[in-house]
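Engineer: One structure, as structure tokens, below. Some questions next.
The values are calculated or read from the model by the stated rules, or taken from the named source; none is laboratory data. Computed from a prediction, not measured in an experiment: that's the story for all the values here. Note: ideal-geometry Cβ built from the backbone for every residue, glycine included; neighbour counts use all protein chains shown. Protein only, heavy atoms only, side chains kept; ligands, DNA and RNA dropped before computing areas. Shrake-Rupley method; radii C 1.70, N 1.55, O 1.52, S 1.80 Å.
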Amino acid sequence: MSSAAVVVHSPGYFCDIGPHVFPVEKFARLRAQLVSEGEIEGGSILEPSLPAREELLRVHTPEYLDDLDQLRWTPRTMMSELPLTAEIVRAYALAAAGTTLAAHAALERGAGINLGGGFHHASADRAEGFCYLNDLAVAIRTLQHEGRVRRAAVVDLDVHQGNGTALVFRGDQTVFTLSLHQEANYPVPKAQSDLDVGLADGTTDDEYLRALDPALEAVWRAAPEIVLYQAGADPYAGDQLGGLALTFAGLEERDRRVLEGCARRGIPVAVTLGGGYARQVEDTIRIHATTCRLALRLVAARASSRK
């Protein structure tokens with residue numbers, strides 16, 4: 001394995017969604033911050049190409065993809081809570097390709113980071129909650145189709161349940177889905193993951209981490225060959241769409257337990273950003289940047305230890 005985790009980003013992740021709580025500018029700002037800090041070099045960032053329709057069809061129905069291609073406002077698309085434009089559809093398609101690229105990189109280097117993605121509310125034939133395409137599911141299905149992995153896991157630590165991912169993989173014994181989320185929050189009703197851990201309003205760092213540890217043990221028992229980590233920033237106490245009470249330090253420890261847990265067991269991990277709606281967008285970017293730093297430094301440290 002190489003000594004550096006791969007970072008994936010496209011300027012096309014940005015799209016005009018009008019005045020909205022979803023800060024689409026965070027993708028480019030996070031990239032700029034990591035470069036300015038010297039964590040990554042701008043020239044080393046991989047940029048995804050648009051995915052082939054066949055890749056998306058491994059997760060999404062033809063009728064739903066036709067709606068997106070033709071920008072049709074139908075019962076399948078109308079719950080996105082976003083506009084529907086060609087630019088937006090392209091951004092979500094690029095994010096799906098970006099998570100697939102990060103997952104491929106993780107198999108080669110131990111970790112891959114998509115500075116986007118984590119759109120876990122999209123199901124096979126339905127947009128929901130700012131999500132048009134489920135990049136996590138597309139990446140897993142692509143790796144399985146290629147014969148790169150048989151078993152995978154999704155560790156979804158967004159404040160909102162990953163209902164779309166749960167629905168896509170429902171009944172599939174090859175993919176273990178974990179969602180640790182605020183129970184009294186979107187979506188309602190919830191889907192059924194392999195393991196759902198619903199947390200009370202106001203859950204603190206210590207309470208959160210006590211719930212996370214046994215949940216991760218269940219993931220490890222499932223013996224995945226890759227983990228897709230949805231590292232949402234919205235469990236943060238200052239998030240506008242969340243009701244948990246995690247601090248910056250608590251979120252960093254959350255990330256460490258996931259990433260180090262994967263590393264100790266030799267499980268490749270692909271990181272996606274997921275949600276983050278802090279009143280100050282700088283707080284959301286700070287949380288995402290910490291996740292990325294941990295992943296980058298962990299891969300580098302393990303590579304050095306093997307020399």
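Engineer: Are any of the residues in the range 226-236 surrounded by fewer than 19 Cβ atoms within 10 Å (Cβ to Cβ) and either aliphatic (A, V, I, L, M) or in contact with a strand residue (DSSP E or B) (Cβ under 9 Å, 6 or more places away or on another chain) (or both)?
Structural biologist: Checked against the condition, which is being surrounded by fewer than 19 Cβ atoms within 10 Å (Cβ to Cβ) and either aliphatic (A, V, I, L, M) or in contact with a strand residue (DSSP E or B) (Cβ under 9 Å, 6 or more places away or on another chain) (or both), the range 226-236 yields no hits at all.
Engineer: Among the numbered criteria (1) more than 21 Å from ALA218 (Cβ to Cβ); (2) under 16 Å from the mean Cα position of the chain (by Cα); (3) open to solvent by 10 Å² or more (accessible area, probe 1.4 Å); (4) not aromatic (Phe, Trp, Tyr), which one does VAL168 miss?
Structural biologist: (1)
Engineer: Still on this structure, I have one more. What is the residue count in the range 171-210 for residues that are closer than 21 Å to LEU246 by Cα, assigned to a loop (DSSP other than H, G, I, E, B) and touching a helix residue (DSSP H, G or I) at 6+ places or on another chain (Cβ under 6 Å)?
Structural biologist: Of the residues in that region, 1 qualify.
Engineer: Quick check on this structure: which one of GLY243, GLY250 is part of a helix (DSSP H, G or I), over 17 Å from the mean Cα position of the chain (by Cα) and farther than 19 Å from VAL8 by Cβ? Steps first, please.
Structural biologist: Details: GLY243 fails: part of a helix (DSSP H, G or I).
Testing whether each residue is part of a helix (DSSP H, G or I), over 17 Å from the mean Cα position of the chain (by Cα) and farther than 19 Å from VAL8 by Cβ leaves just GLY250.
Engineer: Mind listing whichever residues of the range 89-122 are in a loop (DSSP other than H, G, I, E, B) and in contact with a Cys (Cβ under 7 Å, 6 or more places away or on another chain)? Steps first, please.
Structural biologist: Applying the first criterion (in a loop (DSSP other than H, G, I, E, B)) to the range 89-122 yields 110, 115-122.
Once the filter is applied, which keeps residues that are in a loop (DSSP other than H, G, I, E, B) and in contact with a Cys (Cβ under 7 Å, 6 or more places away or on another chain), the range 89-122 yields PHE119, HIS120, HIS121, ALA122.
Engineer: Moving on. Using the structure shown, decide if GLY261 is in a loop (DSSP other than H, G, I, E, B) and among the small types (Gly, Ala, Ser). Outline the logic, then answer.
Structural biologist: Numbers: in a loop (DSSP other than H, G, I, E, B): no; among the small types (Gly, Ala, Ser): yes.
The answer is no for GLY261.
Engineer: Would you point out which residue out of ALA278, ALA301, ALA263 is free of Cβ contacts under 8 Å to residues at least 12 places away in the same chain and either of a type outside the set (D, E, K, R) or open to solvent by 60 Å² or more (accessible area, probe 1.4 Å) (or both)? Before you say what the answer is, go through the steps one by one.
Structural biologist: On the way: ALA278 fails: free of Cβ contacts under 8 Å to residues at least 12 places away in the same chain; ALA263 fails: free of Cβ contacts under 8 Å to residues at least 12 places away in the same chain.
Of the residues listed, the single one that is free of Cβ contacts under 8 Å to residues at least 12 places away in the same chain and either of a type outside the set (D, E, K, R) or open to solvent by 60 Å² or more (accessible area, probe 1.4 Å) (or both) is ALA301.
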